[in-house]
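Report on the structure given below.
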Amino acid sequence: MSMRIVVLGGAGIVGRAIVADLARQVEQVDQVVVADLDPEAARAAAEVAGATAHSGSVDVRDRRALVKVLQGAAACVNSVNYYFNLDVMQACLEAGVPYLDLGGLFHMTRRQLELDADFKARGLTAVLGIGSCPGVANVQAGWLAAKLDQVDSVRIFNGATPDRGDSLSAPYAIQTILDEISQPAMVFREGRFQERPPLSEEEHYHFPEPIGRAKTHLSLHSEVATIPLSFADKGIQECAFKISFFGYSEAALRKLQFLAEIGLASTETVELNGGSVRPRDLLLKLLSRLPAESTNTPTEGYKAVVTEIKGSIGARQVELKAETIGRPSADQTVGAGKRLIAGPAAIVGRALAEGRLSRPGVWAPEQAIEPEPFFAELAKRGFTTRLSNRETVAGP
């Protein structure tokens, strides 16, 4: 049976890595379509990926054109900016194609969940947020929560070895990063969702080596949008996500933070010299002119996702921790951060295409994905996942 998987935004920073992962699976995937707004970039990405990959041009805002690209596909991997997630989901409903994306920064994810009944009615599966964070972290949370009778809290930490060159080159979609820097973070505490200032509640966290001790902070993220809903029946009271400077060095991140604080990340139009401009458009243009410099050595470029859950089994208090860590590609051309976003999307994209993941409706990863087979697939890509358990056996 012919299997065609469409990767929207396939010429982007992460999209290229997803295409490369899928294209390597030549025995399972017949064709990977690199669909992108930029036809030249799509063609270049397809050429690099190999004979399995084919390029195409599409603007996801053009519903008719998008449906035409999707028709007959076995699955859609959406790696365009999250602003367009609802547009792509609606096109998948019309074309009758299973769907996945890389996340929606909380608020978009909550809106996407409202399409659950529509996907059920069409007999289609949609998985929201299946990269590293969200994605790996959610699967970790589902894995750990299933071992507990009661879940009290879920805390997620995302860390990486920083770029020592202090480069402002974006490790993933710059629009998303600017939103994370400038918009309030969401946490779930005392059984309710609450806003916190962006980049607040700094905390040093010890990640697996060679990352080690790193400063982390809150960020607006999709894990917090779904995990409290998924584990509501187990009594969850707290959920938070923290990241270590989005993959930048602290020095680089502080520069972007300053620019956001003076308004250059704003998407509101301002009047200037008789005309109007969006400050963010100017900032993006200036950032695009900067060189992508890095002085990382082969021992750097590691990525780790850690999820900690506190809860109980019967009367016993239990703390569980899952860690997934990996290194850059063997040729040092693709860092572990991009690989740990691309790998999960490729794994689940193939499962959707083959019908192995066929659960009509809109699902978070912690609800839809079998953890141990998923981590076994990540292991084939060089990522190690560990589980640790700490129980209180005596005490007040």
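The values are calculated or read from the model by the stated rules, or taken from the named source; none is laboratory data. If you're wondering where the values come from, they're calculated on a predicted model, not measured in any experiment. Neighbour counts run over all protein chains shown; Cβ positions are idealised from the backbone, glycine included. Just the protein is used for accessible areas: all its heavy atoms, side chains included, with ligands, DNA and RNA removed. Shrake-Rupley method; radii C 1.70, N 1.55, O 1.52, S 1.80 Å.
Points to keep in mind about this one:
- Take the Kirkwood radius over Cα pairs of the chain, plug it into Stokes-Einstein at 4 °C and 1.567 mPa s, and you get 60 µm²/s for translational diffusion.
- Gyration tensor verdict on segment 57-165 (Cα atoms; rounded if a/c is under 1.5, prolate if a/b is larger than b/c, oblate otherwise): oblate
- Taking the 1.4 Å solvent-accessible surface of the chain as the whole, the part contributed by carbon and sulfur is 50%.
- When the chain is treated as a Gaussian network with alpha carbon springs shorter than 10 Å, the biggest mean-square fluctuation among 59, 152, 21 belongs to 59.
- Highest GNM mean-square fluctuation among 121, 73, 44, for the chain modelled with Cα contacts below 10 Å: 121.
- Overall form of segment 225-326 per C-alpha gyration tensor (a/c, 1.5; a/b vs b/c): oblate
- Of 224, 236, 35, farthest towards positive along the dipole that unit charges on Lys, Arg, Asp, Glu beta carbons give the chain: 35
- Heavy-atom surface of the chain, accessible at 1.4 Å and reported per residue (Å²): 44
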